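First the structure, in the form of structure tokens, and then the observations on it.
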Amino acid sequence: MKIGISSLCFLRKPLDDIIETMMEKSPLWEIVDDGKHILYEERIRKLKKTGLEFTVHGRFSDLNTATVMRDLKKTFVKIYKRSIKNAYLLDTDVWVLHAGIRSPLGFFYPELEKRMNLEFVKELAKYAYDLGVTIAVENMIEPGLIKKISEVKEFLDKVGLESVKACIDIGHFFIVEGNNFEKINAIRDQIVLFHLHDNDGLNDTHLGLGKGRIDWDKLLDLISRIHFRGNLILEMYSIEDAQESFKKLSERYCKKK
């Protein structure tokens, strides 16, 4: 199991400007392939020269795998596939996906929206499989279609492909299901990554560990009990919160060794 930091904490700055800082802060980073951190060949070459390890969070701004508009779907597929290709070029095997946002039109066609979401992710999964990349579907909050752990499990079962697993976002989980972390056991073997950040149970504020109301001892004990071997990514809005949380986690797991 490895601990890393999401580039979300630097998203207001161009990625090229923070590469040296990244090398100082953590050996593992999740690159948010969006905004000022969008990946392209030259930037990928620079990142690979650092010797750091990476995961990639797929594009999400203004995109929707559950769109019921087929003309938009064609455009969205191209954008998502480009992001998966970026993960492949960066030599990472995990690409995180926000799978399905409820749209105004989807409100009138909920079953069509669910079907389109499933078809879309299956298409991406086949592309990712050929590149050796695993899609990690993230549990969401409103207006996401996949929020509860039971919904994540149902969706993964329907996709039925080895190239699609789960990314469990604990901040989102807490807003939807509270500190009932035992529910995670239902998909324990399908989780490849956790996003860790804190909040008050109402707002998705991406705080440092211990600055909200999440029971971190309970959650981290469960992660140990399920023998999780993937990555723990600290997904905070500030580098200070991420650094402090990185230190806390590192000390906790070093003590247990």
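FYI, it's all coordinate maths here, none of it is from the lab. Keep in mind that this is a model prediction, so the values were computed, not measured. A quick note on method: Cβ atoms are made from the backbone with ideal geometry, for glycine too, and the neighbour counts reach across all protein chains shown.
For the stretch 46-54, the criterion of being farther than 27 Å from Lys248 by Cβ and surrounded by 13 or more Cβ atoms within 10 Å (Cβ to Cβ) is met by at least one residue. Restricting attention to the stretch 3-20, the residues that are touching a residue at least 40 places away in the same chain (Cβ under 8 Å) and either of a type in the set (A, V, I, L, M, F, W, C) or surrounded by fewer than 21 Cβ atoms within 10 Å (Cβ to Cβ) (or both) total 5.
The listed residues are Thr50, Thr65, and the only one of them that is in contact with a Gly (Cβ under 7 Å, 6 or more places away or on another chain), assigned to a loop (DSSP other than H, G, I, E, B) and not hydrophobic (A, V, I, L, M, F, W, C) turns out to be Thr65. Among the residues of the stretch 1-24, the ones that are under 17 Å from His57 (Cβ atoms) and touching a strand residue (DSSP E or B) at 6+ places or on another chain (Cβ under 8 Å) come to 10 in all. If you go through the stretch 1-29 and pick out every residue that is of a type in the set (Val, Ile, Thr) and outside any strand (DSSP E or B), you end up with 3. Hey, among Leu156, Leu193, Leu209, Leu161, which residue is within 28 Å of Asp93 (Cβ to Cβ), touching a Cys at 6+ places or on another chain (Cβ under 6 Å) and either surrounded by fewer than 20 Cβ atoms within 10 Å (Cβ to Cβ) or of a type outside the set (Lys, Arg) (or both)? After ruling out the rest, the residue left standing is Leu193.
Only one of the numbered conditions (1) within 19 Å of the chain's Cα centre (by Cα); (2) surrounded by fewer than 21 Cβ atoms within 10 Å (Cβ to Cβ) is not met by Asp198, and that is (2).
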